[in-house]
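This report refers to the structure that appears directly beneath it.
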Amino acid sequence: MSLHLKKRSLILAGHDTSVALEPAFWAVLDQAATQEGEGLALLVTRLDAGRKPGQSLASALRVFTLEWLQARLPDTQAPEP
């Protein structure tokens, strides 16, 4: 495992699972879980259940994090050509 990744162990659907992500992703996931009023394990369980076939859990978590942050950015319009 890379030195810049932080591994966390979670129980998802009754099974022990480990996921390695950069600390910045874990920080945003913790924040998202808090703001959505659920624990981190529940948030990850929900995301695990909804991920695309063939998509790794780490990828699903990173994509969720990006989309969650993008949804909180002020609306900006792309410049017209």
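Figures for the structure shown
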| quantity | calculated |
| --- | --- |
| Per residue, the convex hull volume that the Cα atoms of the chain enclose (Å³) | 140 |
| Positive-end extreme of charge dipole, the chain - chosen from Ala58, Pro74, Gly39 (charges on Cβ) | Ala58 |
| The chain, dipole about Cα centre (Lys/Arg Cβ +1, Asp/Glu Cβ -1), debye to the nearest 20 | 300 |
| Computed [θ] at 222 nm, deg cm²/dmol, the chain (DSSP H ≥ 4; -39,500 (n - 2.57); rounded to nearest 500) | -15000 deg cm²/dmol |
| Calculated FRET value between Ala41 and Arg72, using beta carbons and R₀ = 30 Å, to 0.05 | 0.85 |
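Any read-out appearing in this document is the output of simple, stated calculations on the displayed coordinates, not a laboratory observation. Every value quoted in this text rests on a predicted model; they were computed, and no experiment measured them. Heads up, the Cβs are rebuilt from the backbone with ideal geometry, glycines too, and the neighbour counts pull from every protein chain shown.
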